[in-house]
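Novice: The structure under discussion is supplied below as structure tokens; questions concerning it will follow.
The values are calculated or read from the model by the stated rules, or taken from the named source; none is laboratory data. These figures come from a predicted structure and were not determined experimentally. Methodologically, a virtual Cβ is constructed for each residue, glycine included, from the backbone with ideal geometry; neighbour enumeration extends over all protein chains shown.
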């Protein structure tokens with residue numbers, strides 16, 4: 001999927017512009033890192049990309065077209081968003097992982113236990129059981145469960161809001177590699193908000209900086 | 001029926017009750033004297049006025065006048081709900097007004113025409129007090145349900161947005177919130193079924209007994225009223241919550257409550 005932001009602006013109520021005249025094109029298989037100080041609008045940019053919010057100015061084109069309101073649920077499955085703070089629902093890990101398959105837009109797709117186990121093992125969650133209570137997991141484990149839950153929707157674009165912020169270096173690297181593999185092997189586009197100096201090793205990437213009330217500026221990666 | 005008449009001087013005696021309450025407020029510095037005075041004046045004014053209006057409506061017996069009064073009552077019920085649960089981002093009044101108007105009109109007509117089997121469904125002596133009780137109870141039920149829904153939507157925003165992110169519609173994302181809100185609205189009238197007659201005699205039954213009715217007749221009417229209230233609070237709550245829930249989201253299923 002190709003996403004184009006044209007002169008996009010965002011503000012809340014009477015406050016000054018959070019984002020102004022943002023222009024950005026995300027091609028299939030792109031890997032973008034978004035950096036900037038806290039509160040500058042990085043998370044808001046991700047929310048615009050999967051239409052959890054709409055801009056007050058400019059337009060966002062998905063494969064060259066504006067998105068229709070009544071198609072937004074399937075759009076959000078294609079442009080999946082991993083929230084910064086992992087949200088665990090009541091119930092066990094399996095129920096959390098399969099949460100996305102409960103919705104009408106998911107169709108009849110429902111991964112079996114073997115697939116869930118495989119995904120969990122690939123992110124070093126070998127010692128976490130599918131029947132374990134999800135809210136009892138550590139934040140780092142919850143963050144990985146949340147990432148798998150999102151990946152299971154089979155997105156074309158993955159929006160990640162600091163996905164490794166609560167992880168130890170080894171787990172963080174695993175998560176980063178997993179995301180890089182999705183980009184390199186499956187041509188999933190990735191837009192990742194990050195504070196740190198992370199540099200993908202397995203995928204070509206571009207780095208953008210964002211300043212409050214201003215547009216995006218590409219910087220040398 | 002043998003009803004003991006009440007003269008104006010007897011109402012004046014009642015002011016003694018207000019003085020007792022006022023004294024309590026003064027002794028404990030509750031600063032409720034002004035509210036007490038205003039409330040007393042309003043009670044006299046509003047009820048005397050309504051007494052005259054009802055006398056007039058009972059006398060001329062016109063269906064349009066009964067429906068006009070019914071609409072007026074719905075308006076104030078919806079207005080009261082709006083004052084209690086007012087939200088900057090969500091229009092509550094119009095949706096509540098029309099939901100209550102339609103659902104309560106249907107329940108009121110069913111009660112007078114089908115259950116009590118009055119000659120004309122709009123017979124003021126029956127239609128007005130019964131619909132008034134429906135309104136009063138539903139007003140509280142709907143307020144409770146909406147308060148619960150708005151509070152849960154704010155508290156559970158991350159969970160709701162997670163569901164939206166994973167491709168859920170706003171209806172799918174708020175199924176639990178909706179159930180909790182409906183539950184909050186409907187539970188008091190169901191609880192009332194459990195305790196009626198044990199803790200206190202209900203207002204309508206008391207009124208009928210004071211007016212000289214046979215206790216058996218009063219009890220039958222009270223049973224009708226209790227079950228009618230369960231139905232009307234359920235229907236009113238469900239319709240209002242469903243309709244207002246949709247207005248908490250944009251057409252693109254974005255949560256607009258802040």
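Novice: Answer yes if at least one residue in the range A:17-32 is closer than 18 Å to residue A:193 by Cβ, away from chain B (no Cβ under 11 Å) and within 12 Å of the chain's Cα centre (by Cα), and no otherwise.
Specialist: Taking every residue of the range A:17-32 in turn, at least one turns out to be closer than 18 Å to residue A:193 by Cβ, away from chain B (no Cβ under 11 Å) and within 12 Å of the chain's Cα centre (by Cα).
The rows are residues; the columns are (1) crowded, with 20+ Cβ neighbours inside 10 Å; (2) part of a strand (DSSP E or B); (3) facing chain B (nearest Cβ under 9 Å).
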site: A:37; (1), (2), (3): no, no, no
site: A:46; (1), (2), (3): yes, no, no
site: A:52; (1), (2), (3): yes, no, yes
site: A:58; (1), (2), (3): no, yes, no
site: A:61; (1), (2), (3): no, yes, no
site: A:74; (1), (2), (3): no, no, yes
site: A:85; (1), (2), (3): no, no, yes
site: A:89; (1), (2), (3): no, no, yes
site: A:96; (1), (2), (3): yes, no, no
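Novice: Still on this structure, I have one more. Can you report the number of residues in the range A:151-188 which are within 24 Å of residue A:77 (Cβ to Cβ), outside any helix (DSSP H, G or I) and in contact with a helix residue (DSSP H, G or I) (Cβ under 7 Å, 6 or more places away or on another chain)?
Specialist: The number of residues fulfilling the criteria is 12.
Novice: Using beta carbons and a limit of 8 Å, which pairs, at least six apart or on different chains, have the first residue in the range B:149-176 and more than 10 Å from every other protein chain (Cβ to nearest Cβ) and the second one buried (at least 24 other Cβ atoms within 10 Å of the Cβ) and outside any helix (DSSP H, G or I)?
Specialist: Pairs that qualify, where the first residue is more than 10 Å from every other protein chain (Cβ to nearest Cβ) and the partner is buried (at least 24 other Cβ atoms within 10 Å of the Cβ) and outside any helix (DSSP H, G or I), are B:153/B:174.
Novice: Let me ask another. Does any residue of the range A:111-130 turn out to be without any contact (Cβ under 8 Å) to a residue 24 or more places away in the chain, outside any helix (DSSP H, G or I) and within 14 Å of another protein chain (Cβ to nearest Cβ)?
Specialist: no
Novice: Let me ask something additional. Could you count how many residues in the range A:200-221 are in contact with a strand residue (DSSP E or B) (Cβ under 8 Å, 6 or more places away or on another chain), touching a residue at least 40 places away in the same chain (Cβ under 8 Å) and in a loop (DSSP other than H, G, I, E, B)?
Specialist: Adding up the residues that qualify gives 8.
Novice: Quick one: which residue in A:75, A:97, A:123 is modelled with pLDDT under 90 and farther than 21 Å from residue B:177 by Cβ?
Specialist: Working: A:75 fails: modelled with pLDDT under 90; A:97 fails: modelled with pLDDT under 90.
Only one candidate passes the filter, namely A:123.
Novice: I'd like to check something: does the range B:134-143 contain any residue that is touching a helix residue (DSSP H, G or I) at 6+ places or on another chain (Cβ under 7 Å), under 30 Å from residue A:71 (Cα atoms) and part of a helix (DSSP H, G or I)?
Specialist: No: the range B:134-143 contains no residue that is touching a helix residue (DSSP H, G or I) at 6+ places or on another chain (Cβ under 7 Å), under 30 Å from residue A:71 (Cα atoms) and part of a helix (DSSP H, G or I).
Novice: Looking only at the range A:1-28, count every residue that is without any contact (Cβ under 8 Å) to a residue 60 or more places away in the chain, within 21 Å of residue A:80 (Cα to Cα) and buried (at least 16 other Cβ atoms within 10 Å of the Cβ) and tell me the total.
Specialist: 3
Novice: So, one more: Of the residues in the range A:38-70, how many are free of Cβ contacts under 8 Å to residues at least 24 places away in the same chain and under 15 Å from residue A:160 (Cβ atoms)?
Specialist: 0
Novice: Can you tell which of B:11, B:47, B:67 is within 25 Å of the chain's Cα centre (by Cα), closer than 22 Å to residue B:210 by Cβ and in a helix (DSSP H, G or I)?
Specialist: Working: B:11 fails: within 25 Å of the chain's Cα centre (by Cα); B:67 fails: closer than 22 Å to residue B:210 by Cβ.
Being within 25 Å of the chain's Cα centre (by Cα), closer than 22 Å to residue B:210 by Cβ and in a helix (DSSP H, G or I) holds for just one of B:11, B:47, B:67, which is B:47.
Novice: While we're here: Evaluate the following for residue B:197: is it within 14 Å of chain A (Cβ to nearest Cβ) and either more than 25 Å from residue B:103 (Cβ to Cβ) or not in a helix (DSSP H, G or I) (or both)?
Specialist: So residue B:197 does not fit the description; no.
Novice: Does the range A:140-148 contain at least one residue that is within 9 Å of chain B (Cβ to nearest Cβ), under 18 Å from residue A:165 (Cβ atoms) and surrounded by 19 or more Cβ atoms within 10 Å (Cβ to Cβ)?
Specialist: Looking only at the range A:140-148, we keep the residues that are within 9 Å of chain B (Cβ to nearest Cβ), and these are A:146.
Checking the rest, the ones that are also under 18 Å from residue A:165 (Cβ atoms) come to A:146.
This time we only want the ones that are surrounded by 19 or more Cβ atoms within 10 Å (Cβ to Cβ), so: A:146.
Yes, the range A:140-148 contains a residue that is within 9 Å of chain B (Cβ to nearest Cβ), under 18 Å from residue A:165 (Cβ atoms) and surrounded by 19 or more Cβ atoms within 10 Å (Cβ to Cβ).
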